[in-house]
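Structure first, commentary second.
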Amino acid sequence: EICDPKRSQNPDGTIDICCRCVPKPHLVSSIPAFTAPGGVQPPVVPAKGSLWRDLRHVIRLTFDGALPATPPTAAQLDIRELLTGGAFGATNLSASFTYEIAGNTLRIREPSTTTTVLEHRKWYAIRNLGGAGGWTGVANFEAQFPVQAGDAQGNNNVNSNDVLTINSSFCLVNCGDQNRNDIDGGNTVNSNDVLRANSHITSFPVSRPSGH
(Lines give C-alpha, C1' and ligand atoms only; values in the text may rest on other atoms or scores of the structure.)
Protein backbone atom coordinates (compact mmCIF):
# COMPACT_ATOMS: atom_id res chain seq x y z
CA GLU A 1 0.00 0.00 0.00
CA ILE A 2 0.98 3.65 -0.50
CA CYS A 3 0.48 6.47 2.01
CA ASP A 4 -1.54 9.19 0.27
CA PRO A 5 -1.29 12.46 2.26
CA LYS A 6 -4.39 14.68 2.31
CA ARG A 7 -4.01 18.29 3.41
CA SER A 8 -6.90 20.52 4.50
CA GLN A 9 -6.76 24.06 5.86
CA ASN A 10 -8.69 24.96 8.99
CA PRO A 11 -10.47 28.33 9.49
CA ASP A 12 -7.67 29.45 11.81
CA GLY A 13 -5.07 28.89 9.11
CA THR A 14 -3.63 25.68 10.52
CA ILE A 15 -3.37 22.67 8.23
CA ASP A 16 -4.41 19.14 9.07
CA ILE A 17 -2.51 16.37 7.35
CA CYS A 18 -3.87 12.87 7.42
CA CYS A 19 -2.75 9.82 5.53
CA ARG A 20 -4.83 7.09 4.03
CA CYS A 21 -3.46 3.85 2.69
CA VAL A 22 -4.38 3.11 -0.90
CA PRO A 23 -3.61 -0.13 -2.75
CA LYS A 24 -0.73 -0.09 -5.17
CA PRO A 25 -1.76 -0.40 -8.84
CA HIS A 26 -1.96 -3.98 -10.10
CA LEU A 27 -1.16 -5.23 -13.58
CA VAL A 28 -4.46 -6.03 -15.34
CA SER A 29 -3.73 -6.29 -19.07
CA SER A 30 -1.06 -5.86 -21.70
CA ILE A 31 -0.34 -5.65 -25.42
CA PRO A 32 0.53 -8.32 -26.37
CA ALA A 33 -1.68 -10.15 -23.88
CA PHE A 34 0.44 -11.69 -21.13
CA THR A 35 0.33 -15.25 -19.85
CA ALA A 36 0.13 -15.50 -16.07
CA PRO A 37 2.56 -17.76 -14.21
CA GLY A 38 1.35 -21.07 -12.86
CA GLY A 39 -1.89 -22.74 -13.81
CA VAL A 40 -2.22 -25.54 -16.31
CA GLN A 41 0.67 -26.93 -18.30
CA PRO A 42 0.97 -26.33 -21.14
CA PRO A 43 -0.45 -22.85 -20.54
CA VAL A 44 -3.23 -21.38 -22.61
CA VAL A 45 -1.53 -18.52 -24.42
CA PRO A 46 -4.18 -15.82 -24.99
CA ALA A 47 -5.03 -14.61 -28.47
CA LYS A 48 -2.41 -12.11 -29.61
CA GLY A 49 -0.30 -13.18 -26.66
CA SER A 50 3.01 -13.68 -28.44
CA LEU A 51 5.79 -11.20 -29.08
CA TRP A 52 5.65 -11.07 -32.87
CA ARG A 53 8.69 -9.01 -33.87
CA ASP A 54 12.27 -10.01 -34.47
CA LEU A 55 13.56 -6.46 -33.77
CA ARG A 56 12.49 -3.50 -31.66
CA HIS A 57 9.94 -5.22 -29.44
CA VAL A 58 7.32 -3.03 -27.75
CA ILE A 59 5.24 -4.16 -24.76
CA ARG A 60 2.52 -2.13 -23.04
CA LEU A 61 1.57 -3.04 -19.46
CA THR A 62 -1.67 -1.53 -18.17
CA PHE A 63 -2.53 -1.19 -14.47
CA ASP A 64 -5.74 -0.58 -12.52
CA GLY A 65 -4.61 2.71 -11.05
CA ALA A 66 -2.43 5.73 -11.59
CA LEU A 67 1.26 4.98 -11.98
CA PRO A 68 4.11 6.95 -10.41
CA ALA A 69 5.09 10.00 -12.42
CA THR A 70 8.62 8.66 -12.92
CA PRO A 71 9.08 5.48 -14.98
CA PRO A 72 10.98 2.60 -13.41
CA THR A 73 14.67 2.33 -14.06
CA ALA A 74 16.09 -0.75 -15.73
CA ALA A 75 17.41 -1.87 -12.35
CA GLN A 76 13.89 -1.86 -10.88
CA LEU A 77 12.44 -4.36 -13.36
CA ASP A 78 13.53 -7.89 -14.11
CA ILE A 79 13.34 -9.28 -17.67
CA ARG A 80 14.70 -12.80 -18.06
CA GLU A 81 14.35 -15.93 -20.13
CA LEU A 82 12.31 -18.73 -18.59
CA LEU A 83 14.33 -21.92 -18.03
CA THR A 84 13.24 -25.41 -17.03
CA GLY A 85 12.61 -26.29 -13.41
CA GLY A 86 11.22 -22.86 -12.57
CA ALA A 87 14.58 -21.19 -13.13
CA PHE A 88 15.31 -17.90 -14.86
CA GLY A 89 18.16 -16.84 -17.13
CA ALA A 90 21.31 -15.57 -15.47
CA THR A 91 21.16 -12.19 -17.21
CA ASN A 92 18.62 -9.47 -16.48
CA LEU A 93 17.84 -8.04 -19.93
CA SER A 94 16.06 -4.92 -18.66
CA ALA A 95 18.94 -2.57 -19.55
CA SER A 96 18.25 -3.27 -23.25
CA PHE A 97 14.89 -1.45 -23.01
CA THR A 98 13.53 2.04 -22.40
CA TYR A 99 10.54 2.81 -20.17
CA GLU A 100 7.80 5.42 -20.59
CA ILE A 101 4.59 6.09 -18.65
CA ALA A 102 1.35 7.33 -20.19
CA GLY A 103 -1.59 7.34 -17.78
CA ASN A 104 -2.02 3.84 -16.36
CA THR A 105 0.26 2.24 -18.95
CA LEU A 106 3.98 1.47 -18.93
CA ARG A 107 5.51 1.26 -22.41
CA ILE A 108 8.59 -0.97 -22.64
CA ARG A 109 10.54 -0.53 -25.87
CA GLU A 110 13.64 -2.18 -27.30
CA PRO A 111 15.41 0.60 -29.23
CA SER A 112 18.14 -1.40 -31.00
CA THR A 113 17.72 -1.49 -34.78
CA THR A 114 20.19 -4.32 -35.37
CA THR A 115 19.80 -6.98 -32.67
CA THR A 116 17.21 -8.23 -30.20
CA VAL A 117 17.67 -9.77 -26.76
CA LEU A 118 14.30 -11.55 -26.99
CA GLU A 119 14.95 -14.56 -29.19
CA HIS A 120 12.52 -16.40 -31.45
CA ARG A 121 10.83 -19.45 -29.89
CA LYS A 122 11.83 -18.64 -26.31
CA TRP A 123 9.74 -17.58 -23.31
CA TYR A 124 10.46 -14.48 -21.23
CA ALA A 125 9.06 -12.92 -18.06
CA ILE A 126 8.82 -9.28 -17.06
CA ARG A 127 8.74 -9.05 -13.28
CA ASN A 128 8.52 -6.47 -10.55
CA LEU A 129 10.02 -8.20 -7.56
CA GLY A 130 9.41 -5.36 -5.10
CA GLY A 131 11.66 -5.00 -2.10
CA ALA A 132 14.45 -2.46 -1.77
CA GLY A 133 15.48 -2.69 -5.42
CA GLY A 134 12.09 -3.03 -7.10
CA TRP A 135 9.55 -0.65 -8.60
CA THR A 136 7.88 0.21 -5.30
CA GLY A 137 5.10 2.36 -6.81
CA VAL A 138 3.17 -0.68 -8.10
CA ALA A 139 2.27 -4.12 -6.81
CA ASN A 140 4.56 -7.02 -7.63
CA PHE A 141 3.75 -8.74 -10.91
CA GLU A 142 4.98 -11.29 -13.42
CA ALA A 143 3.95 -11.23 -17.09
CA GLN A 144 5.14 -14.04 -19.38
CA PHE A 145 5.41 -14.00 -23.16
CA PRO A 146 6.56 -16.46 -25.86
CA VAL A 147 8.37 -15.01 -28.86
CA GLN A 148 6.94 -16.06 -32.23
CA ALA A 149 8.61 -13.75 -34.74
CA GLY A 150 6.22 -13.33 -37.66
CA ASP A 151 3.01 -14.24 -35.79
CA ALA A 152 0.90 -11.56 -37.48
CA GLN A 153 -2.38 -13.35 -36.78
CA GLY A 154 -1.64 -13.72 -33.08
CA ASN A 155 -2.33 -17.43 -32.72
CA ASN A 156 1.09 -18.36 -31.29
CA ASN A 157 2.54 -19.91 -34.43
CA VAL A 158 4.02 -18.76 -37.71
CA ASN A 159 2.92 -20.17 -41.05
CA SER A 160 1.95 -19.15 -44.57
CA ASN A 161 -1.28 -17.55 -43.31
CA ASP A 162 0.78 -14.97 -41.43
CA VAL A 163 2.79 -14.20 -44.54
CA LEU A 164 -0.40 -13.74 -46.56
CA THR A 165 -1.82 -11.44 -43.86
CA ILE A 166 1.27 -9.24 -43.90
CA ASN A 167 1.42 -9.21 -47.69
CA SER A 168 -2.15 -7.88 -47.87
CA SER A 169 -1.63 -5.23 -45.18
CA PHE A 170 1.16 -3.01 -46.46
CA CYS A 171 1.43 0.32 -44.66
CA LEU A 172 3.85 3.05 -45.75
CA VAL A 173 4.16 5.38 -42.74
CA ASN A 174 3.21 5.65 -39.07
CA CYS A 175 1.74 2.18 -38.82
CA GLY A 176 1.76 2.12 -35.01
CA ASP A 177 3.99 0.21 -32.64
CA GLN A 178 1.28 -2.40 -31.96
CA ASN A 179 0.71 -3.34 -35.61
CA ARG A 180 1.29 -7.10 -35.69
CA ASN A 181 2.11 -7.00 -39.40
CA ASP A 182 5.23 -4.94 -38.66
CA ILE A 183 7.76 -7.68 -37.98
CA ASP A 184 10.97 -5.65 -37.97
CA GLY A 185 9.61 -2.78 -35.87
CA GLY A 186 10.24 -0.19 -38.59
CA ASN A 187 6.82 1.50 -38.22
CA THR A 188 5.97 0.36 -41.75
CA VAL A 189 4.66 -2.86 -43.29
CA ASN A 190 6.36 -3.85 -46.52
CA SER A 191 8.20 -6.64 -48.31
CA ASN A 192 10.90 -6.71 -45.61
CA ASP A 193 8.30 -7.82 -43.09
CA VAL A 194 7.03 -10.48 -45.50
CA LEU A 195 10.55 -11.82 -45.91
CA ARG A 196 11.20 -11.83 -42.18
CA ALA A 197 8.01 -13.72 -41.40
CA ASN A 198 8.67 -16.15 -44.24
CA SER A 199 12.10 -16.92 -42.76
CA HIS A 200 10.42 -18.25 -39.58
CA ILE A 201 8.00 -20.66 -41.29
CA THR A 202 6.96 -23.05 -39.91
CA SER A 203 7.03 -22.29 -36.19
CA PHE A 204 4.65 -24.30 -34.04
CA PRO A 205 3.69 -23.21 -30.51
CA VAL A 206 6.66 -23.51 -28.17
CA SER A 207 6.19 -25.12 -24.75
CA ARG A 208 6.66 -22.98 -21.69
CA PRO A 209 9.58 -24.33 -19.62
CA SER A 210 8.46 -26.46 -16.68
CA GLY A 211 7.99 -24.98 -13.23
CA HIS A 212 6.61 -21.63 -14.36
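Data overview
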item	result
Convex hull (Cα only) mean projected area of region 59-176, reported in nm² to one decimal	9.2 nm²
Computed FRET value (nearest 0.05) for ALA132 with PHE204, which takes r as the C-beta separation and R₀ as 45 Å	0.60
log₁₀ of I(q)/I(0) at q = 0.17, 0.19, 0.23, 0.25 Å⁻¹ - region 86-153, Debye sum with one point per alpha carbon	-0.79, -0.99, -1.35, -1.46
Sites GLN178 and ASP64 - FRET efficiency at Förster radius 22 Å, r taken between beta-carbons, to 0.05	0.60
Neighbourhood charge, 12 Å Cβ-Cβ cut-off, centred on SER30 and excluding it, Lys, Arg +1 and Asp, Glu -1	+2
Rounded FRET efficiency, nearest 0.05, which uses the C-beta distance separating ALA90 from ASN187 and R0 of 35 Å	0.60
Whole-percent carbon and sulfur share, accessible surface of the chain, 1.4 Å	54 percent
Computed over the chain: relative contact order in percent, which uses C-alpha pairs under 8 Å that are six or more apart	23 percent
Compactness of the chain - radius of gyration and Dmax, Cα, Å	20.0, 75
Whole-Å distance, taken between Cα centres, linking region 132-155 and region 165-205	21 Å
Rounded to whole Hz, the Karplus (6.51, -1.76, 1.60) HN-Hα couplings of region 35-44, x for glycine and proline	9, 7, x, x, x, 6, 10, x, x, 8
Rounded to whole Hz, the Karplus (6.51, -1.76, 1.60) HN-Hα couplings of region 144-151, x for glycine and proline	10, 9, x, 9, 10, 5, x, 7
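The values are calculated or read from the model by the stated rules, or taken from the named source; none is laboratory data. Since this is a predicted model, take the numbers as computed values, not measurements. Please note: Cβ atoms are built from the backbone with ideal geometry, for glycine as well, and neighbour counts cover all protein chains shown. SASA here: full protein model, heavy atoms, side chains in, ligands and nucleic acids out. Shrake-Rupley method; radii C 1.70, N 1.55, O 1.52, S 1.80 Å.
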